[in-house]
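Working notes, structure below.
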Amino acid sequence: MSAPSPVPTGTAGSSGTAGADAARASLEALRSEIAKAVVGQDSTVTGLVVALLCRGHVLLEGVPGVAKTLLVRALAASLELDTKRVQFTPDLMPGDVTGSLVYDARTAEFSFQPGPVFTNLLLADEINRTPPKTQSSLLEAMEERQVTVDGIPRPLPEPFLVAATQNPVEYEGTYPLPEAQLDRFLLKLTVPLPTRDDEIHVLTRHAAGFEPRDLQAAGIRPVAGAADLESARAAVAATTVSPEIAGYVVDICRATRDSPSVSLGVSPRGATALLSTARAWAWLTGRDYVTPDDVKALALPTLRHRIHLRPEAPMDGVTPDSVISAVLAHVPVPR
């Protein structure tokens with residue numbers, strides 16, 4: 001397919017520079033590095049890399065025991081970035097995440113004590129186990145990349161990414177994320193059960209002495225850092241988007257709003273997110289322009305959490321994924 005004509009928002013060719021090529025190679029090396037600890041989750045790793053390129057956040061959903069937490073820890077160990085983990089529980093308070101004012105008896109003044117959100121990569125483990133008040137403490141951080149305490153905004157480090165995990169089972173004692181919170185996540189990645197061969201590989205590793213709690217012993221080393229991300233993000237921003245591709249993204253998102261099974265379809269923010277992730281995927285695959293296949297490849301993880309079904313739809317076997325798949329099958333593809 002020949003490169004489409006550009007829109008005014010970008011120019012082609014930047015991804016061919018030496019700096020962008022080196023950045024792409026570093027980010028591709030993340031896959032093999034993370035594979036030293038996590039088996040058979042290449043698509044999930046790719047989603048995390050796409051989120052890093054788009055300055056977005058990721059919600060990881062999977063049954064217990066599929067290495068969601070290990071996956072994020074391995075990603076952090078493969079990057080030269082600061083990382084912190086918060087175990088979300090029912091008694092967690094907003095200040096435990098964002099930080100709070102602490103009285104200093106020596107100076108007789110209050111000083112701000114930063115919380116774990118002041119990091120590059122925040123692992124929010126089992127985010128749906130904490131009440132909405134604490135969940136909402138992340139809203140400003142995820143959207144504005146700052147935390148306001150006592151009326152003073154405090155910027156977060158750059159880059160900043162929230163990787164939150166939740167289980168699709170064990171709903172007792174959980175607090176489902178509201179639509180406004182879900183919309184702040186760029187991607188919702190489902191972490192599947194491994195195949196039989198991958199599961200045998202996992203057991204073989206454990207039998208040979210693999211210890212998930214000691215990633216350094218597993219041989220994971222930093223292979224990319226903040227400079228690589230900056231170079232990569234600049235190249236992604238220069239990836240060409242034709243008017244036809246922009247129209248295709250809009251048509252997909254508008255079609256979700258017209259589905260009879262949907263009470264709330266994808267918003268314009270979702271359309272912007274899909275365009276961003278498609279550009280990142282196009283650049284990762286070595287192109288400086290976006291194709292319809294790039295849009296299709298990222299449609300499910302980018303849009304599935306932005307669709308609210310009618311109450312009766314799940315009883316008919318309808319899921320957000322099936323709605324998106326039907327839309328992709330019916331919306332005309334630009335040539």
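The values are calculated or read from the model by the stated rules, or taken from the named source; none is laboratory data. Treat the numbers as computed from the prediction; the structure is a model and nothing was measured. Note that we place each Cβ from the backbone using ideal geometry, even for glycine, and neighbour counts take in every protein chain shown. Note: accessible area is taken over every heavy atom of the protein model, side chains too, but ligands, DNA and RNA are not part of it. Shrake-Rupley method; radii C 1.70, N 1.55, O 1.52, S 1.80 Å.
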Can you show me the helix-derived [θ] at 222 nm for the chain, built from DSSP H runs with n ≥ 4 at -39,500 (n - 2.57) apiece and divided by the number of residues, rounded to the nearest 500.
-12500 deg cm²/dmol
Here the Cα Rg-to-2.2 N^0.38 Å ratio for the range 222-335 is 1.17
Collect residues whose amide H, placed 1.01 Å from N in the peptide plane, falls under 5 Å from the amide H of V262; neighbours closer than 5 in sequence don't count.
R310
With θ set to phi - 60°, apply the Karplus curve 6.51 cos²θ - 1.76 cosθ + 1.60 along the range 239-247 and write out the HN-Hα couplings as whole Hz, x wherever there is a Gly or Pro.
5, 6, 10, 7, x, 5, 5, 4, x
I'd like the carbon and sulfur percentage of the solvent accessible area for the chain, probe radius 1.4 Å, heavy atoms only, ligands and nucleic acids excluded.
55
Beta bridge orientation in the range 110-170: antiparallel %, DSSP, nearest 5
50
In the chain the DSSP beta bridges are antiparallel at a rate, in percent to nearest 5, of 40
Could you state the number of Å between the C-alpha centres of the range 242-300 and the range 308-335?
14
The range 84-169 - Rg (one decimal) and Dmax (whole number), Cα, Å
13.5, 49
Spatially proximal lysines relative to K133 (Cα-Cα < 24 Å; intrachain offsets below 8 disregarded):
K84, K188
Just how large is the dipole of the range 227-335 about the Cα centre, in debye to the nearest 20, putting +1 at every Lys and Arg Cβ and -1 at every Asp and Glu Cβ?
180
Rolling a 1.4 Å sphere over the protein heavy atoms, what is the accessible area per residue of the range 224-335, to the nearest Å²?
42
Dipole magnitude of the chain, debye to nearest 20 (Cβ charges: Lys/Arg +1, Asp/Glu -1, about Cα centre):
380
As I understand it, the dipole of the range 153-282 uses +1 on the Cβ of Lys and Arg and -1 on the Cβ of Asp and Glu, about the Cα centre. Which of Y248, F210, P157 lies farthest toward its positive end?
P157
Name the residue from A35, A18, P268 whose Cα lies farthest towards the positive end of the charge dipole of the chain, charges +1 on Cβ of Lys and Arg and -1 on Cβ of Asp and Glu.
A18
Dipole of the range 177-335 (Lys/Arg Cβ +1, Asp/Glu Cβ -1, origin at the Cα centre): which of T190, V290, P314 lies farthest to the positive side?
V290
Counting other Cβ atoms within 10 Å of each Cβ, which GluC sites (Glu not before Pro) in the range 118-221 have at most 14 and sit in a DSSP loop?
E170, E172
Between M315 and A217, the two model label points (7 Å from Cα along the beta-carbon direction) sit apart by a distance in nm of 5.3
So, with +1 on the Cβ of K and R and -1 on the Cβ of D and E, and no other charges, what is the size of the charge dipole of the range 26-167 about its Cα centre, to the nearest 20 debye?
260
